[in-house]
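Peer 1: First, the structure itself, so that you have it in front of you.
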Amino acid sequence: MNKHLLIIAILLLTLPLRANDQITIDKENCTITKDGKTFPLYGKVKIVESFPDLEVKLVESFSDLDVKLVESFPDQCGEIQIVESFPDIKVKLVSSFPDLKVKIVGAFQGIKQK
């Protein structure tokens, strides 16, 4: 019995951990790369509950990206249009362990300096 528990423990320890996700923000191109896939930080966004491209936490301070909501032509860094179909990126809103922290603003949208 102890041998089985040891094998299970070793298997669990060797599984890749979620904390090892590679996330890179490219300020010059206004993109984010997660696990080798690159997504724009502007454009049409669909909010989903499952299978997101990114997990986002809405914050009031210390954001990675300031976002301005627009009705059409979300073509500048930080501008997004919420859509139900044909999104550029799918986002899940989370309360902990986000890929990106976002603040909704009325002006001066874009990637924050680090």
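The values are calculated or read from the model by the stated rules, or taken from the named source; none is laboratory data. Note that the structure is predicted; figures quoted are calculated from it, not measured. When we count neighbours, we look across all protein chains shown, and the Cβ atoms used for this are built from the backbone with ideal geometry, even at glycine. Areas reflect the complete protein model, heavy atoms only, side chains present, ligands, DNA and RNA absent. Shrake-Rupley method; radii C 1.70, N 1.55, O 1.52, S 1.80 Å.
Peer 1: Tell me which of these K112 doesn't satisfy, since it passes every other one: (1) of a type in the set (D, E, K, R); (2) buried (at least 16 other Cβ atoms within 10 Å of the Cβ); (3) under 21 Å from Q22 (Cβ atoms).
Peer 2: It fails just one condition, (2).
Peer 1: Any idea how many residues of segment 62-80 are open to solvent by 40 Å² or more (accessible area, probe 1.4 Å) and among the aliphatic types (A, V, I, L, M)?
Peer 2: Number of matching residues: 1.
Peer 1: Follow-up question, since we're still on this one. In segment 81-102, which residue that is touching a residue at least 60 places away in the same chain (Cβ under 8 Å) and either assigned to a loop (DSSP other than H, G, I, E, B) or in contact with a Cys (Cβ under 6 Å, 6 or more places away or on another chain) (or both) is surrounded by the fewest Cβ atoms within 10 Å (Cβ to Cβ)? If you could, list the steps in order and put the result at the bottom.
Peer 2: We begin by selecting, within segment 81-102, every residue touching a residue at least 60 places away in the same chain (Cβ under 8 Å); these are 97, 99-100.
Checking the rest, the ones that are also either assigned to a loop (DSSP other than H, G, I, E, B) or in contact with a Cys (Cβ under 6 Å, 6 or more places away or on another chain) (or both) come to 97, 99.
On the way: F97: 10, D99: 21.
My answer is F97.
Peer 1: Kindly indicate whether any position in segment 38-61 is free of Cβ contacts under 8 Å to residues at least 24 places away in the same chain and either exposed (fewer than 15 other Cβ atoms within 10 Å of the Cβ) or over 16 Å from K27 (Cβ atoms) (or both).
Peer 2: Checked against the condition, which is being free of Cβ contacts under 8 Å to residues at least 24 places away in the same chain and either exposed (fewer than 15 other Cβ atoms within 10 Å of the Cβ) or over 16 Å from K27 (Cβ atoms) (or both), segment 38-61 yields at least one hit.
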